[in-house]
Ligand code: UD1
Ligand code: CA
């Protein structure tokens with residue numbers, strides 16, 4: 001039985017042109033590190049445990065990717081060939097294809113990797129590379145073919161003759177090698193070139209010189225192979241990937257009003273007939289039902305949102321919103337919150353780690369933290385749950401069908417039972433039993449005729 005496909009991701013380089021403290025692979029595209037995007041693609045293409053070559057600030061990459069990967073250390077960055085070499089200990093004795101990809105091509109999806117492996121197996125070549133025809137090949141290695149049209153090697157720009165520089169077929173640095181030949185060739189690479197580096201590209205000419213075949217997979221959609229070397233290219237990659245994701249959602253029946261200002265992450269599912277208004281960011285692992293209306297200017301991260309939900313001008317993070325919930329404008333729904341069916345959270349309301357039942361109304365200027373609120377309860381404007389005593393957080397439990405008058409201060413721990421009422425402006429420090437009215441403020445006094453008596457006194461005192 002042959003081994004499963006192996007995969008190596010080269011991510012040890014410093015990424016000097018990023019001008020950043022972070023290693024290049026950790027720069028984010030749609031909220032995910034580039035190297036993780038590649039790792040996911042590899043796994044989807046059938047690589048059980050990709051090998052990541054790390055070097056410059058490699059511990060950060062290891063921390064970000066975690067288990068599920070093998071790590072090979074390249075302490076000194078001596079080139080892509082040397083990087084592949086340090087990974088070779090993990091593929092000793094393999095007899096299967098090995099994918100080798102750079103850690104800076106974030107649009108490279110599993111489909112292309114799968115196609116590459118299929119082409120590799122069909123052609124029985126020893127190496128298969130993804131290439132692309134470009135208008136401007138500047139910066140890329142050029143694919144050099146012999147008189148018979150067979151791939152004879154790859155020449156890096158700095159080592160190329162003017163004639164070679166005019167070649168428009170470029171190397172994407174995405175390869176599929178037969179493991180045994182890769183293992184024999186890597187130790188023989190030389191660094192006699194313009195950069196004094198061991199080039200992985202030289203493995204290709206070495207295979208050709210041995211009389212073996214090198215196949216190519218010409219990728220028409222050039223964007224997929226786009227390499228990111230600086231922040232401008234990172235922004236282009238982000239834009240391109242965003243466009244692809246938005247298009248898929250649109251084709252699935254989601255109405256995206258302005259794709260250029262809609263930011264949807266990779267792990268987001270959205271039902272049909274949902275409308276997404278401009279400047280909406282949907283991130284993390286999020287599921288959204290159908291017939292929702294989200295945005296404008298809204299951020300939703302790692303949420304479960306049922307159908308028929310409206311969120312506008314608001315932020316919702318790690319929360320569950322049941323059917324028909326309305327949030328916003330200007331609401332902040334924080335982690336651990338569950339909003340029951342048809343509940344409404346209005347303007348300038350913050351809700352943290354709280355469970356609100358069905359048809360609860362919290363319409364204005366309120367803070368609800370560490371609370372549970374029963375069905376049909378109305379929370380008046382300006383209500384604050386005082387959940388923190390300076391040391392620990394306390395719980396507020398409010399029953400169903402409760403009416404909390406405006407500007408009430410609910411000092412936790414506190415229980416307010418079903419059907420009770422709290423008078424506006426109360427500071428409530430004791431539990432309220434069911435069906436009771438709680439008053440927590442001074443009673444109003446009215447002094448008839450007091451104002452004119454006072455004014456008269458003041459006038460005579462000041463001789464006016
Ligand atoms: C490389 C290819 C070039 C190709 C281009 C496509 C070589 C010599 N050249 O050039 O033919 O057209 O990609 O984008 O392979 N890395 C290491 N260790 C090192 C050096 C690099 O891990 O010692 C990693 C980098 O982190 C990066 C990847 O290898 O993820 C590619 O390196 P980079 O310097 O970006 O190569 P290019 O100049 O783009
Ligand atoms: Ca590159």
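The values are calculated or read from the model by the stated rules, or taken from the named source; none is laboratory data. If you're wondering where the values come from, they're calculated on a predicted model, not measured in any experiment. In this analysis, Cβ positions are derived from the backbone assuming ideal geometry, glycine residues included, and neighbour counts consider all displayed protein chains.
Within segment 177-206, the set of residues being in contact with a strand residue (DSSP E or B) (Cβ under 8 Å, 6 or more places away or on another chain) and either farther than 27 Å from residue 223 by Cβ or away from ligand 2 (no atom under 16 Å from the Cβ) (or both) comprises 177, 178, 179, 181, 182, 202, 203, 204, 205. Taking the numbered list (1) surrounded by fewer than 22 Cβ atoms within 10 Å (Cβ to Cβ); (2) within 16 Å of ligand 2 (Cβ to nearest atom) in turn, residue 174 passes all entries but (1).
Can you pull out the residues in segment 1-21 that are more than 16 Å from ligand 2 (Cβ to nearest atom) and in contact with a helix residue (DSSP H, G or I) (Cβ under 7 Å, 6 or more places away or on another chain)? Matches in segment 1-21: 5, 6, 7.
Of all residues in segment 81-100, those satisfying the criterion of being within 12 Å of residue 7 (Cα to Cα) and assigned to a loop (DSSP other than H, G, I, E, B) are 94, 96. Mind listing whichever residues of segment 59-104 are under 20 Å from the mean Cα position of the chain (by Cα) and in contact (Cβ under 8 Å) with a residue 12 or more places away in the chain? Listed by number, the residues that qualify are 60, 61, 64, 65, 68, 69, 103, 104. Just one of the listed residues (43, 24) is closer than 30 Å to residue 299 by Cα and within 11 Å of ligand 1 (Cβ to nearest atom), and it is 24. In the set (1) in a loop (DSSP other than H, G, I, E, B); (2) over 30 Å from residue 395 (Cα atoms), the condition left unmet by residue 342 is number (2). In segment 184-198, of all residues being surrounded by 18 or more Cβ atoms within 10 Å (Cβ to Cβ) and within 21 Å of residue 90 (Cβ to Cβ), the one that is nearest to ligand 1 (Cβ to nearest atom) corresponds to 198. When segment 206-224 is limited to residues that are assigned to a helix (DSSP H, G or I) and more than 19 Å from residue 10 (Cβ to Cβ), the one that is modelled with the lowest pLDDT turns out to be 222. Given the structure, is residue 238 assigned to a helix (DSSP H, G or I), surrounded by 14 or more Cβ atoms within 10 Å (Cβ to Cβ) and touching a helix residue (DSSP H, G or I) at 6+ places or on another chain (Cβ under 6 Å)? No.
Of the residues examined, residue 304 is one that is without any contact (Cβ under 8 Å) to a residue 40 or more places away in the chain, surrounded by fewer than 18 Cβ atoms within 10 Å (Cβ to Cβ) and closer than 28 Å to residue 404 by Cβ. Scanning segment 205-235 for residues that are surrounded by 14 or more Cβ atoms within 10 Å (Cβ to Cβ) and within 24 Å of the chain's Cα centre (by Cα) turns up 222, 223, 224, 225, 226, 227, 228, 229, 230, 233, 234. Put simply, of 225, 294, 248, 234 the only residue that is more than 16 Å from ligand 2 (Cβ to nearest atom) and closer than 30 Å to residue 171 by Cα is 248. Taking residue 39 as the residue in question, decide whether it is in a helix (DSSP H, G or I) and within 16 Å of ligand 2 (Cβ to nearest atom). It is false that residue 39 is in a helix (DSSP H, G or I) and within 16 Å of ligand 2 (Cβ to nearest atom).
Taking the criterion of being surrounded by fewer than 16 Cβ atoms within 10 Å (Cβ to Cβ), within 22 Å of the chain's Cα centre (by Cα) and either within 12 Å of ligand 1 (Cβ to nearest atom) or farther than 15 Å from residue 91 by Cα (or both), would at least one residue in segment 8-17 satisfy it? Looking for residues that are surrounded by fewer than 16 Cβ atoms within 10 Å (Cβ to Cβ), within 22 Å of the chain's Cα centre (by Cα) and either within 12 Å of ligand 1 (Cβ to nearest atom) or farther than 15 Å from residue 91 by Cα (or both), one finds none in segment 8-17, hence no. Of all the numbered requirements in (1) more than 19 Å from residue 396 (Cβ to Cβ); (2) assigned to a loop (DSSP other than H, G, I, E, B); (3) touching a strand residue (DSSP E or B) at 6+ places or on another chain (Cβ under 8 Å), residue 335 misses one, and that requirement is (1). Annotation: residue 175 fulfils all but one of (1) closer than 21 Å to residue 4 by Cβ; (2) within 14 Å of ligand 1 (Cβ to nearest atom); (3) touching a helix residue (DSSP H, G or I) at 6+ places or on another chain (Cβ under 6 Å); the unmet one is (3).
One line per residue, one yes/no per condition, for (1) touching a strand residue (DSSP E or B) at 6+ places or on another chain (Cβ under 6 Å); (2) under 25 Å from residue 40 (Cβ atoms); (3) within 15 Å of ligand 1 (Cβ to nearest atom):
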| site | (1), (2), (3) |
| --- | --- |
| 68 | no, yes, no |
| 72 | yes, yes, yes |
| 89 | no, yes, no |
| 117 | yes, yes, no |
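A residue that is surrounded by 16 or more Cβ atoms within 10 Å (Cβ to Cβ), within 16 Å of ligand 2 (Cβ to nearest atom) and not in a loop (DSSP other than H, G, I, E, B) can be found somewhere in segment 66-80.
A count restricted to segment 241-265 and to residues that are part of a loop (DSSP other than H, G, I, E, B) and surrounded by fewer than 17 Cβ atoms within 10 Å (Cβ to Cβ) stands at 4.
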